[in-house]
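Every number here is computed from the coordinates shown, using simple stated rules; none is lab data. It should be emphasised that the depicted structure is a prediction, and the values quoted were computed from it without experimental measurement. Because the Cβ atoms are built from the backbone with ideal geometry, glycine has one as well, and the counts that use them run over all protein chains shown.
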Amino acid sequence: MKIDTPTTLTPRPATVTGRQSLSAAMVNAARVASAHRAAPATITGRGSRSAAGNSGGAFSAGRLFVDISFTVTDQGCAYVGGVQAAEDRDGDGLVANVIDITDPADARVDDFRHLNSVDRRPDLPTGKGLVIAEGVLVVQRMLASRFTPHAFLGTDRRLQELAADLAGVAVPYYRASAEVMAEIVGFHLNRGVLAAARRPAELGVADVLTGASTVAVLEGVNDHENLGSIFRNAAGLGVDAVVFGAGCADPLYRRAVRVSMGHALLVPFARAGSWPADLNIMRDNGFRLLAMTPSPQARTLSEVIDELSDEKVAVLVGAEGPGLTETALRAADARVRIPMARGTDSLNVATAAALAFYERVRRVDDAAEGRGGGGARQ
């Protein structure tokens, strides 16, 4: 609904964002002159600094809002790639590089093609080696990580939701309809937005151990969903880093990143260059190595964790089914188990790891509280 409200406000510099049919879009620090002589302050669309819908842009003068038309009079505005943009004169970082994609064959979105392909998907380490973030939350976590996105592909709705996160991010957001996006990626993407980043140089084992007190060590975990779940559990339960031994899946595969809710991009990880010899790097850095096993001869997890509240701990977990190899078990300082009800010998690897992480964070927090260091972390 449009409302004409007279006001005595005088024209002033303002910020306009959003989309107009031919007259205004993504304009920053522009001076706006209202088409309504009595109302120099106008608002069309959502009425905020985030991008508006097809009905128009959003203009904020910081005071009275009136939903009427406007024209842009700032000479700094110019059409760029089909989108009107403005020079960021005041340095507020709000200029957005939004490019509308209407042709699914547009080469500018090639990094987002074939996401379900076995041999052509862009996140193959042997191919383009990209990291693909899927969904608003995962994209936000990519933006907060060391993985720097070089392009986004998404709907207008997701652009609005990410407006604050994309402020100052000088990379293109390729805006497309859900139908065009489905043709580009090869299937309908419910989450509505993707980000692509190149893989940075990998961290070494010694790098991720710096400042860490709890580390997860994986051997043979080759299922991407289990891997993603372990990262999500690690982030939520205070694990400082993840180290990959032999036979592990790629933690930067799109499904692993998605299942981890983006935490695979935030929790530091490293691959052991020599397995299991690199376990000695952890031991040299003061870590006690606990190998998880269903063996009834192992000590209970809680019993051993309780003894190590003031020490650094590395929790070793193995592949679904076979578990840790005998070589890895021999390299550990202790073998630990989760007591199971009769008739069940083990848990899913991600679930077992989560229980170990919980026991560790519980005991560390209890110890800190006992020393007067405050209660459990929130």
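When only residues in region 188-224 that are more than 26 Å from E161 (Cα to Cα) and without any contact (Cβ under 8 Å) to a residue 40 or more places away in the chain count, which is nearest to the chain's Cα centre (by Cα)? Of everything passing the filter in region 188-224, H224 is nearest to the chain's Cα centre (by Cα). Among the residues of region 272-290, how many are closer than 18 Å to N222 by Cα and crowded, with 18+ Cβ neighbours inside 10 Å? Of the residues in region 272-290, 3 are closer than 18 Å to N222 by Cα and crowded, with 18+ Cβ neighbours inside 10 Å. I'd like to know if region 295-309 contains one or more residues that are within 24 Å of G245 (Cβ to Cβ) and acidic (D, E). No: region 295-309 contains no residue that is within 24 Å of G245 (Cβ to Cβ) and acidic (D, E). Checked against (1) buried (at least 21 other Cβ atoms within 10 Å of the Cβ); (2) closer than 30 Å to V171 by Cα; (3) touching an Asp or Glu at 6+ places or on another chain (Cβ under 8 Å), F231 passes all but a single condition, namely (3). Once region 136-173 is narrowed to residues that are in a strand (DSSP E or B) and aliphatic (A, V, I, L, M), the residue that is surrounded by the most Cβ atoms within 10 Å (Cβ to Cβ) is L153. Here region 117-135 is the region considered, the condition is being of a type in the set (A, V, I, L, M, F, W, C) and crowded, with 20+ Cβ neighbours inside 10 Å, and the residue that is nearest to the chain's Cα centre (by Cα) is A133.
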